[in-house]
Each structure stands twice: as structure tokens, then as C-alpha cells.
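J.: First the structure, which I've put down as C-alpha cells, then a few questions once you've had a look.
What follows draws every value from the coordinates through simple rules; no lab data is involved. Since the model is a prediction, treat every value here as computed from it, not as a measurement. Because the Cβ atoms are built from the backbone with ideal geometry, glycine has one as well, and the counts that use them run over all protein chains shown.
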Amino acid sequence: MNTAHATHDGERELSSRTSDGYYVRLVWQPTTDRVRVIVIETVTGRRFAIDVDADDAMYAFHHPFTRLGHGGHDRGNLGGAFRRTARMAER
């Protein structure tokens, strides 16, 4: 059974998992009611985040690469997703 854990910025981690060199987190921000999936490459530390609808949160958590807009199956070419997320974070 998973329990929510609060992070330093108020987000609550609802679930996390590791698979194939990626650490995947499902987080909820209670003040904005925003749900996100965060994917981190465990070797490089590169990451990207995807805002998802609450109704699709578990699917997105288990299949985050399908949410990248290009089909998501080309894991070897994630640089674009990581760069897009970095630009979004700068705003």
C-alpha cells in the first residue's frame, strides 16, 4: 500500500517506481490541484515532467513515454523532452 509523502515544495508523492533505468514519480500539488508525472534518468539525472488529468494519472504513471507527443516509444531520443521541460522550468 502506497501512502502520500510531502516533498519540500508542498507536492505530495502519490507513488514512485523504477524501471529500465528510469525513476518515475506521480505527484500532486494540493494548492493548485495539479497532477504530474516526473521521469528521471537514473544514470544522467536528466528529467522531464508531464502535467496529466487526474482521471489519466495512473495510466500516465505507468506509461509516461506515450505522453511525449511523438508516440513516446523512442527512449533513445529523449533529449527533446528533457530540453522542453528545462525551458518550461525557466519560465
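J.: Could we say that Ala60 is touching a Lys or Arg at 6+ places or on another chain (Cβ under 8 Å), in a helix (DSSP H, G or I) and small (Gly, Ala, Ser) here? Spell out how you get there, then give the answer.
T.: Details: touching a Lys or Arg at 6+ places or on another chain (Cβ under 8 Å): yes; in a helix (DSSP H, G or I): yes; small (Gly, Ala, Ser): yes.
The answer is yes for Ala60.
J.: Filter the stretch 23-32 for residues that are free of Cβ contacts under 8 Å to residues at least 24 places away in the same chain and surrounded by 11 or more Cβ atoms within 10 Å (Cβ to Cβ); which is nearest to the chain's Cα centre (by Cα)?
T.: Restricting to residues being free of Cβ contacts under 8 Å to residues at least 24 places away in the same chain and surrounded by 11 or more Cβ atoms within 10 Å (Cβ to Cβ), the top hit is Arg25.
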